[in-house]
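A.B. asks: Have a look at this one.
The values are calculated or read from the model by the stated rules, or taken from the named source; none is laboratory data. Because the structure is predicted, anything quoted here is derived from the model rather than measured. FYI the Cβ positions are ideal-geometry reconstructions off the backbone, even for glycines, and counts take in every protein chain you see. Quick note on the areas: whole protein, heavy atoms, side chains included, nothing else; ligands and nucleic acids left out. Shrake-Rupley method; radii C 1.70, N 1.55, O 1.52, S 1.80 Å.
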Amino acid sequence: MTGRFLVIVFFACYFILGVIIFGDYGLSWDESTSRANGVVSFQYVTRQNSDLLTYRDRDYGTAFEFPLVVVEKALGVTTSQQIYYLRHFLTFFLFFTGAVFFYNIASERFGPSLALMGVTFFILSPRIFADSFYNSKDIALLSGMTIAVFTLIPFTKKPSLVRAALHAIARAFVVDIRLPGLIILPITLGFFISDTFILSARRLWKPRIGMLFVFFFLFLGFVVLLWPYLWSNPIGNFMNAFSSFSRFLRLSDTVFYLGNYIPDKYVPWHYPLVWIGVSTPLLYIILFVLGTGFTLRKIFAGYRTDLLFLVWFFGPLLMVTGLNSTLYDGWRQLYFIYPALLLLSLVGVEGLLFYTKNRYQLRIFLMLLGVVNLLSVVRFMIFNHPYQNLYFNQLVGGLEKAKQQFDLDYWGLTFRQGLEYIASADSSAAIPVFFAHGHKNNIDILRDEDKKRFVVVDRPQNAKYILNNYRWYKDRNNYRWDPYIYTTLHPTFYNVTVDGVTVMTVLEAR
């Protein structure tokens with residue numbers, strides 16, 4: 001009872017924290033587009049128009065974006081600031097729900113103590129923590145995947161109609177958020193079939209295979225039901241969407257990777273591995289490597305759940321590499337494998353506890369090292385709030401060294417702070433501003449009285465202030481690179497610094 005109470009208090013404190021800080025984050029580059037996708041689907045479902053069928057981004061799944069718009073309309077939210085505050089809270093709430101399911105997966109495998117450690121890792125993951133408030137695509141996919149894996153385990157062990165339906169809904173939700181979620185469907189089929197023919201008695205084969213067909217048909221039905229774009233032509237529209245997302249070419253730009261600008265469709269195979277390695281707390285990476293090793297050693301010893309974690313993490317990585325899928329903006333498109341990384345890290349903790357059970361001094365030493373690393377993560381998250389998304393670990397030398405090798409604020413979240421400072425320091429009725437890389441979205445999260453004062457201009461020469469977050473600032477071949485911004489000497493009006501590193505500058509245009 002005491003342990004359960006501790007877990008309830010833990011999650012209650014986390015939820016309260018989220019409620020307190022959800023309004024602190026800026027608007028990402030993608031948020032207006034994501035909301036527009038939900039609005040177009042909402043208008044189609046409510047028969048206001050049929051624009052969805054010809055809409056540019058019609059092949060984006062809206063299983064989460066559509067409900068966000070439904071809640072927005074139901075509550076009568078109208079101002080842009082209120083709309084995005086609501087979206088940030090609901091995105092956090094979905095991630096909070098995913099954290100609860102993550103705890104339950106870990107508790108079933110490791111027991112409540114290690115599960116609580118695991119969910120602490122889950123929350124104290126700086127980049128994931130920040131994205132959990134504004135990234136309604138990748139965080140929704142991460143959370144949905146966690147819920148889907150939670151429903152998978154009982155379905156493969158003892159299938160029933162209810163369990164088949166729950167897992168079908170969860171899987172369909174994942175696919176209808178982002179099509180890469182389809183990568184995990186073979187896991188369901190593989191584990192179910194292997195459990196049937198290896199672990200089940202022969203007399204159970206037929207009913208289990210029958211239940212698999214029930215799941216599959218329910219899954220297909222829910223995929224169509226939760227994705228309005230498929231309603232008019234389920235097979236044809238789904239194939240169009242799959243073709244588009246297997247190699248996403250709608251956007252074409254460069255990414256700053258290991259000190260060089262590379263076209264996003266030609267990033268090397270190690271791009272996601274390096275990004276995971278440098279932007280995840282070092283403690284988790286070390287434990288993950290150990291956990292992977294322990295899992296491989298006992299892979300034939302009946303540890304089915306650990307094998308599931310292994311496939312969950314490495315399966316999508318291999319398929320993304322094999323399909324040569326376009327990746328950009330770090331590794332956010334693969335956030336959905338992150339829970340598996342942490343679960344494997346718990347396997348590493350479990351292994352260390354076993355091998356040090358009679359070596360108390362070594363165990364204490366390792367625990368102290370882990371606590372020190374974890375405290376450094378907590379320090380970064382607290383003192384650099386709300387820019388936890390700019391975290392880099394010791395492998396790359398922290399944020400200062402990372403600025404010379406990787407994209408930092410690629411979504412322009414720091415522009416909110418710059419705009420708020422301008423609004424407080426400049427009392428002009430009209431303030432012309434220029435965004436070096438087009439991230440004007442953050443104006444929409446300002447107070448109405450400040451929002452109406454800003455005038456976005458098309459040329460930096462016409463602006464009073466230039467906001468620059470240093471994306472593509474060395475890429476002279478990029479059409480966004482402007483000598484007026486980068487070679488003309490402009491006075492610095494304001495800087496946003498994170499861990500002592502300047503990540504966004506407001507310049508006074510001359």
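A.B. asks: Do any helices (runs of 4 or more DSSP H) lying entirely in the range 392-510 carry at least 3 residues that are within 28 Å of ARG379 (Cβ to Cβ), and which ones are they?
C.D. replies: The helices (runs of 4 or more DSSP H) meeting that bar are 398-402, 415-425.
A.B. asks: Filter the range 167-178 down to residues that are part of a helix (DSSP H, G or I) and either open to solvent by 10 Å² or more (accessible area, probe 1.4 Å) or within 22 Å of PHE11 (Cβ to Cβ) (or both), then give me how many there are.
C.D. replies: 3
A.B. asks: Another question, then. If you go through the range 248-257 one residue at a time, do you hit one that is without any contact (Cβ under 8 Å) to a residue 60 or more places away in the chain, part of a helix (DSSP H, G or I) and either more than 25 Å from ALA340 (Cβ to Cβ) or open to solvent by 30 Å² or more (accessible area, probe 1.4 Å) (or both)?
C.D. replies: No.
A.B. asks: Quick check on SER345: is it within 23 Å of the chain's Cα centre (by Cα), among the hydroxyl-bearing types (Ser, Thr, Tyr) and modelled with pLDDT under 95?
C.D. replies: no
A.B. asks: Only one of these conditions is not met by GLN394: (1) buried (at least 16 other Cβ atoms within 10 Å of the Cβ); (2) touching a helix residue (DSSP H, G or I) at 6+ places or on another chain (Cβ under 6 Å). Which number is it?
C.D. replies: Condition (1) is where GLN394 drops out.
A.B. asks: Which residues, counting only those in the range 58-115, are acidic (Asp, Glu) and more than 24 Å from PRO180 (Cβ to Cβ)?
C.D. replies: GLU72, GLU108 - these are the residues of the range 58-115 that are acidic (Asp, Glu) and more than 24 Å from PRO180 (Cβ to Cβ).
A.B. asks: Kindly indicate whether any position in the range 182-200 is out of contact with any Ser or Thr (no Cβ under 6 Å at 6 or more places or on another chain), under 23 Å from TYR303 (Cα atoms), of a type in the set (Phe, Trp, Tyr) and open to solvent by 10 Å² or more (accessible area, probe 1.4 Å).
C.D. replies: yes
A.B. asks: Considering the range 406-439 alone, what residues qualify as being free of Cβ contacts under 8 Å to residues at least 60 places away in the same chain, within 12 Å of TYR465 (Cβ to Cβ) and not hydrophobic (A, V, I, L, M, F, W, C)?
C.D. replies: Once the filter is applied, which keeps residues that are free of Cβ contacts under 8 Å to residues at least 60 places away in the same chain, within 12 Å of TYR465 (Cβ to Cβ) and not hydrophobic (A, V, I, L, M, F, W, C), the range 406-439 yields ASP426, SER428, PRO432.
A.B. asks: Test GLY398 against the criterion of being closer than 16 Å to VAL498 by Cβ and at pLDDT below 95, and give yes or no.
C.D. replies: Spelling it out, GLY398 is indeed closer than 16 Å to VAL498 by Cβ and at pLDDT below 95.
A.B. asks: Taking TYR44, is it in a helix (DSSP H, G or I), open to solvent by less than 60 Å² (accessible area, probe 1.4 Å) and in contact with a Pro (Cβ under 6 Å, 6 or more places away or on another chain)?
C.D. replies: Spelling it out, TYR44 is indeed in a helix (DSSP H, G or I), open to solvent by less than 60 Å² (accessible area, probe 1.4 Å) and in contact with a Pro (Cβ under 6 Å, 6 or more places away or on another chain).
A.B. asks: Continuing with the same structure: Scan (1) open to solvent by less than 50 Å² (accessible area, probe 1.4 Å); (2) among the β-branched types (Val, Ile, Thr); (3) over 26 Å from ARG109 (Cα atoms); (4) not in a strand (DSSP E or B) for the single condition ILE262 breaks and write down its number.
C.D. replies: Condition not satisfied by ILE262: (4).
A.B. asks: Turning to a different aspect of this structure: Test of understanding: among LEU189, LEU249, LEU199, LEU218, which residue is at pLDDT below 95 and farther than 23 Å from VAL311 by Cα?
C.D. replies: The conditions single out LEU249.
A.B. asks: Another question about this same structure. For the range 438-461, which residues satisfy the criterion of being among the β-branched types (Val, Ile, Thr) and either over 20 Å from SER28 (Cβ atoms) or open to solvent by 20 Å² or more (accessible area, probe 1.4 Å) (or both)?
C.D. replies: Answer for the range 438-461, where residues must be among the β-branched types (Val, Ile, Thr) and either over 20 Å from SER28 (Cβ atoms) or open to solvent by 20 Å² or more (accessible area, probe 1.4 Å) (or both): VAL455, VAL456, VAL457.
A.B. asks: Given the structure, is SER279 crowded, with 20+ Cβ neighbours inside 10 Å and at pLDDT below 95?
C.D. replies: For SER279, the condition - crowded, with 20+ Cβ neighbours inside 10 Å and at pLDDT below 95 - is not met.
A.B. asks: Then there is this: Look at the range 490-504 and say how many of its residues are touching a residue at least 12 places away in the same chain (Cβ under 8 Å), surrounded by fewer than 21 Cβ atoms within 10 Å (Cβ to Cβ) and within 15 Å of GLU420 (Cβ to Cβ).
C.D. replies: 2
A.B. asks: Restricting the range 1-41 to residues that are among the charged types (D, E, K, R) and surrounded by 15 or more Cβ atoms within 10 Å (Cβ to Cβ), which is farthest from ARG471 (Cα to Cα)?
C.D. replies: Among residues in the range 1-41 that are among the charged types (D, E, K, R) and surrounded by 15 or more Cβ atoms within 10 Å (Cβ to Cβ), the one farthest from ARG471 (Cα to Cα) is ARG35.
A.B. asks: Examine the range 15-38 for a residue that is of a type in the set (A, V, I, L, M) and closer than 16 Å to ASN441 by Cβ, and state whether such a residue exists.
C.D. replies: So far as the range 15-38 goes, yes, one or more of its residues are of a type in the set (A, V, I, L, M) and closer than 16 Å to ASN441 by Cβ.
A.B. asks: Looking only at the range 293-332, which residues are open to solvent by 20 Å² or more (accessible area, probe 1.4 Å), polar (S, T, N, Q) and in a helix (DSSP H, G or I)?
C.D. replies: Passing the criteria: THR305, THR321.
A.B. asks: Taking the range 1-47 on its own, how many of its residues are under 30 Å from HIS439 (Cβ atoms), out of contact with any helix residue (DSSP H, G or I) (no Cβ under 6 Å at 6 or more places or on another chain) and among the polar types (S, T, N, Q)?
C.D. replies: Counting residues in the range 1-47 that are under 30 Å from HIS439 (Cβ atoms), out of contact with any helix residue (DSSP H, G or I) (no Cβ under 6 Å at 6 or more places or on another chain) and among the polar types (S, T, N, Q) gives 2.
A.B. asks: What are the residues in the range 185-221 that are under 34 Å from the mean Cα position of the chain (by Cα) and either of a type in the set (Lys, Arg) or farther than 17 Å from PRO154 by Cβ (or both), if any?
C.D. replies: Result: LEU185, PRO186, PHE213, PHE216, PHE217, LEU220, GLY221.
A.B. asks: Given the conditions (1) within 29 Å of ILE105 (Cα to Cα); (2) open to solvent by less than 100 Å² (accessible area, probe 1.4 Å); (3) modelled with pLDDT under 95, report the number of the one that MET367 does not fulfil.
C.D. replies: It is condition (2) that MET367 fails.
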